[in-house]
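Here's the structure, in structure tokens; my notes come after.
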Amino acid sequence: MTLFGQKFKHVLVIGLSLFLAACASAPQQTVALNSNILAKSDIKIGFVYIAPEENATTHIYGAGCLLCYGVASSLTSKLDTHLEANISTDELDNIKNLVIAQYAEKAPITEVTLPMPIDKLKKFKGELGYASKDFSVLKQTMGLDVLVVLQLYRHGAYRSFSSYVPNGDPQGYVAGTLFAIDLDTNAYVQYLEIDEKVQPAGEWDEPVAFPSVTTAYYQAIENVKAKLKEAI
């Protein structure tokens, strides 16, 4: 092989490796609900809700170093105190109940308890459109055909920083994922990222009630509900 041919082959291998790596790390896109699967007779659907591990607080992004994060935290500390003391999980429970009600209009659905946390399931080597964990074991152990999972990661406020300098005001914030798995194939019946941010109206920095940020949070909740109604 000529020197040119060797170089070309080397470049081609590198390019292909980068392409495959990019494909492997590509984020899962939205999967519209496949209602045909839910229309099957005698289908058994389970529902799992995974609540946020943290109370409502200000979620800081962009403050990369420890010093930056410390400064950012000090700027949001009063808002954190307000959110943690006044924002309950009641509205998150309402989102959960909405998902159950929307699915129940299509097929019977039962809230279940998984025998193990999702992150303890074995990995599933599938392409986009398939879950990265192997849910198929739940078909045998729980007698289900489809599993619907609502996981809410974070709620409260979102604030972006460049190092320790704020990029803007805190926003009302709810983040999570809604997905449904066909336990025969491990394919997504539905996949929807929840990432709702609402800009507060007027001045946000009004302790101790922070009315603008609080209102923005509840508006984010309502926006999430509306999007879920449309999606299911």
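The values are calculated or read from the model by the stated rules, or taken from the named source; none is laboratory data. These numbers come from a predicted model, not from an experiment. Using ideal geometry, Cβ is built from the backbone for each residue, glycine included, and neighbour counts are taken over all protein chains shown. In case anyone asks, the SASA skips ligands and DNA or RNA and just uses the protein heavy atoms, side chains included. Shrake-Rupley method; radii C 1.70, N 1.55, O 1.52, S 1.80 Å.
Key figures for this structure:
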| item | result |
| --- | --- |
| Trypsin sites (Lys or Arg not before Pro) restricted to segment 73-134 and DSSP loop, no more than 13 other C-beta within 10 Å | K122, K125 |
| Listed values (1) 52, 34, 32; (2) 67, 63, 30; (3) 45, 40, 33, entry calculated as Cα extents along the principal axes in Å | (2) |
| Neighbour-limited loop hits for GluC sites (Glu not before Pro), segment 144-205 (at most 13 other Cβ within 10 Å; DSSP other than H, G, I, E, B) | E203 |
| Selected from L192, L83, L75 as most flexible by GNM, with the chain as the system and alpha-carbon contacts under 10 Å | L75 |
| Listed residues T141, T113, T58 arranged by accessible area, highest first, probe 1.4 Å | T113, T141, T58 |
| Long-range amide H partners of L183 with built H, under 5 Å | V146, L147 |
| For L38, solvent-accessible area (1.4 Å; no DNA, RNA or ligand), Å² | 0 Å² |
| Protein-only accessible surface order, largest first, of V165, V99, V71 at 1.4 Å | V165, V71, V99 |
| Helical segments meeting 18 Å axial Cα length and Kyte-Doolittle 0.5 threshold in the chain (DSSP H) | 3-24 |
| Equivalent ellipsoid dimensions for segment 102-151 as semi-axes, Å, which come from the Cα gyration tensor, largest first | 20, 14, 10 |
| ³J(HN,Hα), Karplus 6.51/-1.76/1.60, whole Hz, each residue of segment 121-129, x for Gly, Pro | 5, 5, 5, 10, 8, x, 8, 4, x |
| Estimated dipole of the chain in Debye, rounded to 20 [Cβ of Lys and Arg +1, of Asp and Glu -1, Cα centre] | 1120 debye |
| Rounded if a/c under 1.5, otherwise prolate or oblate - segment 47-156, Cα gyration tensor axes | oblate |
